[in-house]
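The values are calculated or read from the model by the stated rules, or taken from the named source; none is laboratory data. Treat the numbers as computed from the prediction; the structure is a model and nothing was measured. Here Cβ is always computed from backbone atoms with ideal geometry, including for glycine, and neighbour counts include all displayed protein chains.
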Amino acid sequence: MKTRNIFFSSLLLIATCSCSLENETFDQLSADNVMTTESDVKAAVTGIYHELRGGGWDRYNCAWGSLLTMQVGCTDECDCNWVWDKQLDFLWTAETTDLSAFYLGMVPAVTKATALLERMRPISISAPVKRRYMAEVRCLRAMWAYDLYDLYGTVPLITDPDIALDPERAQDYMPERPSVEWYVNFIDTELKTAEENLQTASELSASDYGRMTKGIAQMYMLKLYMHEAGQERHYRNNEGKAMMWWSRVDSITNVIINDGEYMLQKDYMSIWSPSNQQNKEVIFPIPNFPQGGLGNCFLAHALPADYVSRNGISLTKWGGFLVPWDFYDTYDPNDKRRNALLATYWNGKKMVDRRTEYTGKPGAIPMKYQENPNTTGQWDASEYVINRYAEVILARAEALNELHGPTQEAKDLVHQIRSRAFDNYEGSKYEKEINDITDRDAFRSHLLKERGWEFCWEGMRRPDLIRHGELISNAHARGKLMAEPKHILYAIPQSVIYENPNLKNNEGF
């Protein structure tokens, strides 16, 4: 649809013209970039969204070093035909370049957001419009702060506008790492403040699809609360605080569900269908355009070199991403979610069986993102699905179980997810499997498996395993014996440690 392209066409201009975010100095006031009108503000805020993409490979894209691959690459749902051994085998150090890219991109992005917020404050435009644009920037800043925290622990952020707007002070700013208490409170406060002034998904115009919404702010509150619940239980030994965070998960999931903005799609694979974009299951999308740096390149990373499209689409195929057979085989054969992982494919002459006929590294092909006719080289126009409503459903089931045990409400939430995965679900053995669980620990264990089946290769597995205290034991069970407790975090890049003598790396690095 034509209106859909306006927002990310603006990003295309920002990424390619001489006034791109990469070239324009957003952290300084000058005669050339002072904002005075609503259109100036909108252009500047649209520009800050480009930080999600970087150069089109890492950050919130899908190449090595992206948030996605950092969240799956050290887990049981991931293997790779390329030399990713440092991540796959828990061998990373502070000098592992690709695992530093997210840090080196998003910490400066937080500074840019801080500077932009301050530049917007004195501008005289409609108060509601100004609050909304500032809320978008605050939501982005809090989101980036959270994802950095999840990967690296607390990191120094420039949230003081006086420092952000002064390049010399920013360069000389060498703080110690902030406390967990300060960092978590900062993210939570920013998200709540942003939520008050953001539009809902249904209020957002089609031309602004992809901008921050109330639902995205609420989704990141949910992620923060679940993260803290797991940290308190397994790594800080404070069960009382863990239950406090689970109560917050209960509350925020109740809000999201009762708002009625989102709903599950009836067909699982339709979530990622090019013909079903902007569907109501997607909470946080990143729209894409079939052009370098602005497109979805997941299929190029996943498809084997001899894969041939039966739709006549010219596809780039690097054959990297894999799902190990051990993980694939945990799916019930009747689980339709397994159809997103290709065990066979067409090579132009016959169907190739990945188990018996493929000579490369063994594993199924993750293919939730599907062939898109709107493709140029490795870039296609399928939106990235960062977060979706199924996460809310299963998070609420998990919170209810932690607080009250496997209640009927918790089981019914799981039934919502499984009923689209299995035909004739009502009264089936698949429904009975859930209804027969009476123990909190057994239900917790099942939810970890259910989330694995539901969210394979969506960037949920590492946080899930850490929250359950199982990342390292899971690695050892797979023969990854170099995994140690320190590996629940990635290392702060060594280059950053060299620059700031007050900054200490994560323990063990």
If only one of GLU431, GLU454 is closer than 20 Å to ALA390 by Cα, buried (at least 17 other Cβ atoms within 10 Å of the Cβ) and in contact (Cβ under 8 Å) with a residue 40 or more places away in the chain, which one is it?
GLU454
State whether the residues of the range 380-398 include one that is of a type outside the set (A, V, I, L, M), in a loop (DSSP other than H, G, I, E, B), modelled with pLDDT of 95 or more and within 22 Å of the chain's Cα centre (by Cα).
yes
Taking interchain pairs and intrachain pairs at least six residues apart, which have beta carbon atoms under 8 angstrom, with the first residue in the range 242-258 and surrounded by 15 or more Cβ atoms within 10 Å (Cβ to Cβ) and the second not in a helix (DSSP H, G or I)?
ILE256/TYR262
Could you list, in sequence order, the residues of the range 202-251 that are under 18 Å from the mean Cα position of the chain (by Cα) and of a type in the set (Ser, Thr, Tyr)?
TYR209, THR213, TYR220, TYR225
So, in the range 108-128, exactly how many residues are under 21 Å from the mean Cα position of the chain (by Cα) and hydroxyl-bearing (Ser, Thr, Tyr)?
1
In this structure, is GLY65 modelled with pLDDT of 95 or more and touching a strand residue (DSSP E or B) at 6+ places or on another chain (Cβ under 9 Å)?
no
When the range 152-168 is checked residue by residue, the ones that are closer than 22 Å to PRO493 by Cβ and part of a helix (DSSP H, G or I) are TYR152, ILE163, ALA164, PRO167
When the range 195-209 is checked residue by residue, the ones that are within 13 Å of ALA135 (Cβ to Cβ) and outside any loop (DSSP other than H, G, I, E, B) are GLU195, GLU196, ASN197
For the range 355-375, give me each residue that is in a loop (DSSP other than H, G, I, E, B), out of contact with any Phe, Trp or Tyr (no Cβ under 7 Å at 6 or more places or on another chain), at pLDDT 95 or above and buried (at least 17 other Cβ atoms within 10 Å of the Cβ).
MET367, GLU371, ASN372
Would you mind stating whether GLU239 is touching a helix residue (DSSP H, G or I) at 6+ places or on another chain (Cβ under 8 Å), free of Cβ contacts under 8 Å to residues at least 12 places away in the same chain and either under 22 Å from ASP412 (Cα atoms) or of a type in the set (D, E, K, R) (or both)?
yes
Quick one: ASN372 ticks every box in (1) in contact with a Ser or Thr (Cβ under 6 Å, 6 or more places away or on another chain); (2) on the phi > 0 side of the Ramachandran plot bar one, so which box is it?
(2)
Which condition does ARG440 not pass, out of (1) touching a Gly at 6+ places or on another chain (Cβ under 6 Å); (2) buried (at least 21 other Cβ atoms within 10 Å of the Cβ), if it passes all the others?
(2)
Hits in the range 479-499 - residues which are in a loop (DSSP other than H, G, I, E, B) and either of a type in the set (Gly, Ala, Ser) or surrounded by 16 or more Cβ atoms within 10 Å (Cβ to Cβ) (or both):
GLY479, LYS480, ALA483, LEU489, TYR490, ALA491, ILE492, PRO493
